[in-house]
Structure formats: structure tokens, C-alpha cells
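Structure first, then comments.
Nothing in this text is a laboratory measurement; each read-out follows from the coordinates by a stated rule. Since the structure is predicted, the reported quantities are computational estimates derived from the model, not experimental observations. Backbone-built Cβ (ideal geometry, glycine too); neighbour counts: all protein chains shown.
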Amino acid sequence: MKISISVNGDKQTHDVEPRTLLVQFLREQANLTGTKVGCDTSSCGACTVLVDGESAKSCTMFAAQADGSAVTTIEGLMTDGKFNRVQQSFQDEHGLQCGFCTAGMVMAAVSLLEEIPNPTESDVRIGLEGNLCRCTGYHNIVKAVMAAARVK
Amino acid sequence: MIPASFEYIRVDSTEQVIAGLAEYGDEAKILAGGMSLIPLMKLRLATPTVLLDAGRLDDLSYISDKGDYLALGALTRHRDLETSDLLAKECAVLRGVAAEVGDNQVRHRGTIGGSVAHGDPASDLPAVLVALEAEFVVEGPSGSRTLASANFFKGFLETELSETEMLTEIRVPKTGATNWSYHKFNRRAQDWAIVGALAFRAQDSSRVALVNMGSVPIRATAVEQALASGASHAEAADQAAVGTEAPEDSNASSAYREHLSRVLVKRALDEALV
Ligand SMILES: Cc1cc2nc3c(=O)[nH]c(=O)nc-3n(C[C@H](O)[C@H](O)[C@H](O)COP(=O)(O)OP(=O)(O)OC[C@H]3O[C@@H](n4cnc5c(N)ncnc54)[C@H](O)[C@@H]3O)c2cc1C
Ligand code: FES
Ligand code: FES
């Protein structure tokens, strides 16, 4: 079937099998490999993207479900070659080590700050419960999201 | 992991869902948020050959005040429940429990109707709906019927819904902004409850429900009766495991679940019924 998804503002039209997962569409058809597959079982959040502005696990969605939607991936966050505030604070606060969870963490954080612009530390920890990180112990990730929230 | 092949049909109306179910029978499945169905399909534990994607049926996404009860469209997402001002005022317990389902990503997509139709005894919303004495409106080829939540859940992933029916609406009484408490015991933050215990007041009675203590969501009637006859919270909570058939799995033995149910019910009673 033919589907069209606006990915980071570019209209991507491709022929897919209905069983194609959104994450496959993004990585293999749109050639945007910033979005990672960690667990492939909806547990880790590495594959998190925004679908119509809200975080979703792209390994647990069919691309066909996003037909006609706007999807934002990690590649879509920069403007004029500059990091957005969440990316910048992950760098500043050392919110990553190996980086495998980072794209998903950043996308989940962008969605969270949209919903809770001035979060408490507990809001951030609960808001990121769908994202696992095996390296950082979460501390600097939480610091990064709190720092991003202060950038207006 | 890639699911088995299927035909994908995006439906625009309830009628189209009913017609699709009539045409394809048990080959077809309704796709709502996909938060339970897609993981099962990826593991090939479910292999429908037709998916009727109801995800864009916005007509079935609402929370409305019907005077003496609230009506919720089956496609209403957990996210809409947990942020609803109407629920905060008229049925705070449902709003609060919805916020405990999975994680943000799951709540952005999963629906109340999917949670009910899936019939997983480890799910949070079915237990609160049973304790609320909710009603479920179901559409099928021969019209619509309204079912009591008390008789709806039949067994593990088994409900009163037939293969040709769609759940369209959930009706809950107005219980107000009264105290409630839900204790969900799990190992990872986003996980299903190993055991969950819920307590709240509604219509002058104390309601207590249990998650993952049997093959269906459970109303803890022994605890409720003990409270009604004047027992203390500790005495009532001792009855928590009465009549349950707690499952045994890698997370917990039945005996440990029974222990948890008593401890968690006691905590929930102390918080909710003050
Ligand atoms: C990582 C993760 C964590 C989760 N944690 C929890 C948790 O802690 N607690 C919890 O309760 N749940 C949890 N869930 C499940 C979540 O609540 C799902 O949203 C819910 O169980 C199913 O809703 P859905 O809309 O996604 O349904 P779907 O997955 O689309 O459908 C589920 C089943 O119901 C059927 N169905 C759906 N809608 C209808 C309808 N209107 N009429 C008839 N049949 C219908 C489908 O055909 C399918 O068989 C979790 C899920 C994930 C992926
Ligand atoms: S890869 Fe999607 S949640 Fe882990
Ligand atoms: S930085 Fe390595 S998994 Fe998070």
C-alpha cells in the first residue's frame, strides 16, 4: 500500500507492506537512522518519535497508522544547524554516555516539556519512565531535562 | 520482530467496523491504540489477517456529562482520561488510575476501549470500571446492547464481546472528586501490576478492587462486606485474598501475591477511607 507521512516537514511517500513498522519506515525508507531500535518489544523507548506532536514508540506502531500524520524524529530538531534546547542541555549536562538511548530520551523529553513546561524533578522521572538507559544512571538525563525546561 | 502479513483497512465509522467484522469474522481484529495488539502480533501470538484500524474514529473519542452518569467513547485515550477536567470533578478515581497505565508513550496511544476489550486481568482500568459498576455499550450486526461490567470479564483475555461486536461506549457513575488510592506493585516503573489494590468511596459504600489476582479483574467483596459491618481497616484487609485465584509466574508465587494483596489493600484503605 502507498502511504504518505510528513517526516520532519518532508512529505515521504513510499510503498509499504501493511506490517511495516513505523521505525522501519523511518530507518529503511526515509533513511533516517537517528531513531534506534533497542528492545523491539515496546519496553525501552529508544525508538521514541513524535507522532502529531506526541511521543510514541515507533516499534509499536505500523507505518500505515501514521499515514497522513506528521512525524518528528531526532533529525528534525535542529534549526539552522543549531541544537534545540533539549539536545543542547543533554550535551551541557552530560546526559549521555554510549548514546544509544539518547534519541529516544530527547524525543520523550521534548514531548514531556510540551505537556509540562515547568516540571518538578519527580515529573521528569515519572515522565521518562518509558525510556531505559543502561549507562548514565538517569541522574544527568534528569538534570538535562530540568535545565532545558529553564531555557525559554 | 515483524508480524505475519495482514490486510490493513482504515475505517471511518462504527458501521464500517461492524460490516468488516461481519465479513471477515475471526480473521479480523479491531486495531485501536495497538498497545496490546501490536506486541502480540510481533510475537505472532496473534495473527489476524485483516486489521480494521479504528484509531481515527474521532466520533468515539469523548468524555461527556449525561446528567446522572458520564459517557466515555471507546476510542478515548488514556492521555485524555488522565488530563480530563470533567473526570477530575466527577470521577477522580478513573482519572487517577488512567495516569498509572504504562508510560507516556503508551498513554498517548492506548484507549479505554482497548483495555476493556483486551480483557487482561493485569490491566488497571478494568478493575476500576468493575468497582465503579460501569456499563459497556456494545454494537453488533443485530444492534446494540448494554452490558454490566460485573458480568463482562469471563477469563484471561476473554470477555462477553463476540467476534462480530465492537465496544463503543463506557458509562460510569458520577462519584465526584472523592478520595481514592491505588497501590500498584511492580518491578519496573512502566510495567503492569504484579498486584494492584484500589480503594475509594462511591454512593455511600466503600469499593475495593484487585488487579492481577485471578483470570479477571476482581471486586474484593469480602473486604467491602467487612468494612460495611464495621471491621477495622486491618481486619478488612485480611480478607483481601478471599475468593481470589492468584496466578503464579516468574514475578511472584500465588502465596506472595496473596500476601501482597493484603498489604496493599490495607495501605489503600488507610489512604482512601479517612
Ligand atoms: C510498554 C507497555 C506497558 C503497558 N503497561 C500497562 C499497564 O501498566 N497497565 C495497563 O492496564 N495496561 C498497560 N499496557 C497496555 C495498554 O493499556 C493498552 O493501551 C491497552 O491494554 C489496550 O488498548 P489499545 O487501545 O492499545 O488496544 P489495542 O491493542 O488496539 O487492542 C487490544 C485488543 O482489544 C480489541 N479492541 C480494541 N478496541 C476495541 C473495541 N472498541 N471494541 C472491540 N474490541 C476492541 C483489539 O481487537 C485487540 O484484540 C501497556 C502496554 C505497553 C506497550
Ligand atoms: S525499541 Fe521500541 S520501545 Fe524499545
Ligand atoms: S547513554 Fe547508553 S543507554 Fe543511555
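Observations on the model:
- Rounded to whole Å, sorted largest first: equivalent-ellipsoid semi-axes of region A:85-150, Cα gyration tensor: 16, 12, 10
- Among the helices of chain B, those built from whole DSSP H runs whose Cα atoms reach 18 Å or more along their own axis and whose mean Kyte-Doolittle hydropathy is at least -0.5 are B:254-272.
- q = 0.08, 0.17 Å⁻¹: log10 I(q)/I(0) that the Debye formula gives for chain B, counting C-alpha atoms only: -0.32, -1.36
- For A:V37, the shell of other residues with beta-carbons less than 13 Å away shows a net charge of +2, using +1 for Lys and Arg and -1 for Asp and Glu.
- Percent of Cα-Cα distances greater than 27 Å, calculated over chain A: 20 percent
- Candidate lysines for bridging to A:K82, where Cα separation is under 16 Å - those fewer than 8 sequence places away on the same chain excluded: A:K152
- Using a Förster distance of 35 Å, the FRET efficiency for A:S4-B:S253 (Cβ separation, nearest 0.05): 0.10
- Share of Cα-Cα pairs in region A:2-76 lying beyond 13 Å, as whole percent: 59 percent
- Viscosity 0.890 mPa s, 25 °C: Kirkwood-radius Stokes-Einstein D of region B:45-156 over Cα pairs, µm²/s: 165 µm²/s
- Pairwise Cα separations in region B:180-272 fall into 10 Å bins from 0 onward with the following percentages, short to long: 19, 54, 24, 3.
- This model, with +1 at the C-beta of Lys and Arg and -1 at the C-beta of Asp and Glu, gives region B:58-172 a dipole about its Cα centre of some 140 debye.
- Summed side-chain charge close to A:M107 - residues other than A:M107 whose Cβ falls under 14 Å, Lys, Arg +1, Asp, Glu -1: -3
- Here is the P(r) of the protein assembly as shown: all C-alpha pair distances, binned every 10 Å from 0, give 5, 21, 29, 26, 15, 3, 0 in whole percents.
- Region A:2-76 - share of DSSP beta bridges that are antiparallel (%, nearest 5): 85 percent
- D (Stokes-Einstein, µm²/s), Kirkwood Cα radius, region B:7-53, 1.567 mPa s at 4 °C: 120 µm²/s
- Over the residues of the protein assembly as shown, the helix contribution to mean residue ellipticity at 222 nm works out to -8500 deg cm²/dmol, using -39500 (n - 2.57) for each DSSP H run of at least 4.
- Cβ-based net charge around B:I194, under 11 Å, with every Lys or Arg adding one and every Asp or Glu removing one: +2
- Close amide H pairs (under 5 Å, H built 1.01 Å from N) link B:K174 with B:L70, residues at least 5 positions away or on another chain.
- Proximal lysines relative to B:K89, as straight alpha-carbon distance under 30 Å, when same-chain residues fewer than 8 apart are discounted: B:K66, B:K174, B:K184, B:K266
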